[in-house]
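Let me begin by presenting the structure, written as structure tokens, before commenting on it.
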Amino acid sequence: MVLAHLFFFPFFGFGTLMYFLPSIVALARSKRDLLAIFLLNLFLGWSVIGWIVALVWAAKSDVPAAARYYQ
């Protein structure tokens, strides 16, 4: 019984880490849209497409605020 608990927690922790990887990347990069990326990851991360969109959005560079108004 104890052996099952020792194997369960590392896999559960790794799965949770991988599921929230886009949110972790966004947090590490201090993204402007951190909350939106987290919500997308939380609600649509179970689908592969939602997870990939959140990861790409988190990894993408932010456009500077001044440049957004002049485009």
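A few remarks follow.
- Filtered residues of the stretch 43-65 (kept if in a helix (DSSP H, G or I) and either touching a strand residue (DSSP E or B) at 6+ places or on another chain (Cβ under 7 Å) or surrounded by fewer than 15 Cβ atoms within 10 Å (Cβ to Cβ) (or both)): Phe43, Leu44, Val48, Ile49, Ile52, Val56, Ala59, Ala65
- Within the stretch 20-32, restricting attention to residues that are open to solvent by less than 60 Å² (accessible area, probe 1.4 Å) and part of a helix (DSSP H, G or I), the residue that is nearest to Ala54 (Cα to Cα) is Pro22.
The values are calculated or read from the model by the stated rules, or taken from the named source; none is laboratory data. Just so it is clear, the model here is predicted, and its values are computed rather than measured. Don't worry about glycine lacking a Cβ; one is built from the backbone with ideal geometry, like all the others, and counts go over all protein chains shown. Accessible surface is based on the protein model in full, side chains and every heavy atom, while ligands, DNA and RNA are left aside. Shrake-Rupley method; radii C 1.70, N 1.55, O 1.52, S 1.80 Å.
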